[in-house]
Amino acid sequence: MEQASWVPSSVDLDRPSVARMYDYYLGGSHNFAVDREAAKNVERIYPGMAGAARANRSFLRRAVRYLLSQGVDQFLDLGSGIPTVGNVHEIAQAANPAARVVYADVEPVAVAHSTALLADNPLAVAIQADMRDPDSVLDHEEVRRTLDFDRPIGVLMVAVLHFVSDADEPHKAIARYREALPSGGYIAISHGSADNVPRDGLDDSEKVKAIYQRTDSPLVLRSGEEIASFFTGLELAEPGVVPLPEWRPDSDDAFISAFVGVGRKP
């Protein structure tokens, strides 16, 4: 079994992790045989998975740049995953060197590698926390030290809510983050959906979901209408909640069955 000095002892190397599978799709190196096997099984069913991961990354970049244009210089990235090229702090600090970023993820490898990457960056930090427990995130000492909740903050939930089951009450969690934001704060969401999948591809969606059932975070595909409901209490930025490639495109993204949006707290 693989092992490396940067792997926390708590990591279960016999069970695939969605964060490490995502790292594999993006061409990263912080994944293990069990993650690659699961990811390759997904790719056999849906060969466009790597392109979908890159499209989500592209949305993250566009969303961060939009928030920067609105004067936001603080970011809380929930379910941030394992760092690869194009991280939030790289995008934000390239435009504003004073931008502050907190990455939060439940995956130990993601946090360990993020912490090493950010060792020389006093304005960015990674914490191990579960976004499904908002108070554990919002009350974390590093979050309170790094972010000023009296000023607008951009909360990023990119490609993470489709790993939060209905039983974990995603609406309740999002409402708690929204309540914590001052006026002028934002929430950005991308979420997988089966709405735009051709009928003959629905069986494939079920097969992909079955693979993720064996991971630490089973996949939940929601409708566009359900995803739009996550923005309750927020003012949607144009063009609203739309298929991912249609949100302020600046390049040709691969097809991805996902809806995205950015909402502002009044």
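Which one of His30, Thr84, Ala110 has its Cα pushed farthest toward the positive end of the charge dipole of the chain, where Lys and Arg give +1 and Asp and Glu give -1 at the Cβ?
Thr84
Is the C-alpha gyration tensor of segment 37-81 telling us rounded, prolate or oblate? Criteria: a/c under 1.5 is rounded; beyond that, a/b larger than b/c is prolate, otherwise oblate.
Oblate is the answer for segment 37-81, as a/c is 1.5 or above yet b/c matches or exceeds a/b.
How much net charge surrounds His89 when only other residues with a Cβ under 12 Å from its Cβ are counted (Lys, Arg +1; Asp, Glu -1)?
Taking every Cβ under 12 Å from that of His89, the sum is -3.
Using a simple charge model, +1 on the beta-carbon of Lys and Arg, -1 on the beta-carbon of Asp and Glu, nothing else, what dipole does the chain show about its Cα centre, in debye to the nearest 20?
400 debye
Taking the alpha-carbon distance from Lys207 and a cut-off under 18 Å, which aspartates and glutamates remain once sequence neighbours fewer than 8 residues away in the same chain are dropped?
Asp35, Glu37, Glu43, Asp195, Asp216
Taking only DSSP H segments of four or more residues, each worth -39500 (n - 2.57), what value at 222 nm results for the chain once the sum is divided by all its residues, to the nearest 500 deg cm²/dmol?
Counting only the DSSP helices, I get -11000 deg cm²/dmol.
Over the Cα atoms of segment 104-247, compute the convex hull volume and normalise it per residue, giving Å³.
Convex hull volume per residue, Cα atoms: 134 Å³.
What helices does the chain have that are whole DSSP H segments, at least 27 Å long along their own axis by Cα, and with mean Kyte-Doolittle hydropathy of 1.0 or more?
Correct list, ordered by number: empty.
Test of understanding: ordering Met131, Met157 by Cβ neighbours within 10 Å, fewest first, what list do you get?
Ordered from fewest to most neighbouring Cβ atoms within 10 Å, Met131, Met157 come out as Met157, Met131.
For Lys172, Lys209, Lys265, what's the fewest-to-most ordering of other Cβ within 10 Å of each Cβ?
With the sparsest Cβ surroundings first, the list reads Lys172, Lys209, Lys265.
Most mobile of Ser251, Ser136, Ser193 per a Gaussian network model of the chain (Cα springs, under 10 Å)?
Ser251
What aspartates and glutamates sit close enough to Lys40 to cross-link, taking a C-alpha to C-alpha distance under 15 Å and skipping anything fewer than 8 places away on the same chain?
The qualifying aspartates and glutamates are Asp23, Asp204.
May I ask you to sort Arg145, Arg176 by Cβ crowding, counting other Cβ atoms within 10 Å and putting the fewest first?
Listed from fewest to most nearby Cβ atoms, that is Arg145, Arg176.
Using mean Cβ contacts within 10 Å as the protection proxy, how do 223-234, 72-83 order, highest first?
Highest mean packing first, the order is 72-83, 223-234.
Just tell me which lysines come within less than 19 Å, Cα to Cα, of Lys172; anything on the same chain fewer than 8 places away is out.
Lys265
Given contacts defined as C-alpha pairs under 8 Å and at least six residues apart, what's the relative contact order of segment 1-160, whole-number percent?
Relative contact order for segment 1-160 comes out at 24 percent.
Where a number appears in this text, it was derived from the coordinates with a stated rule and is not lab data. Just so you know, these numbers come straight off a predicted model, no measurement behind them. All Cβ positions, even for glycine, are placed from backbone atoms using ideal geometry, and neighbour counts span all protein chains on display.
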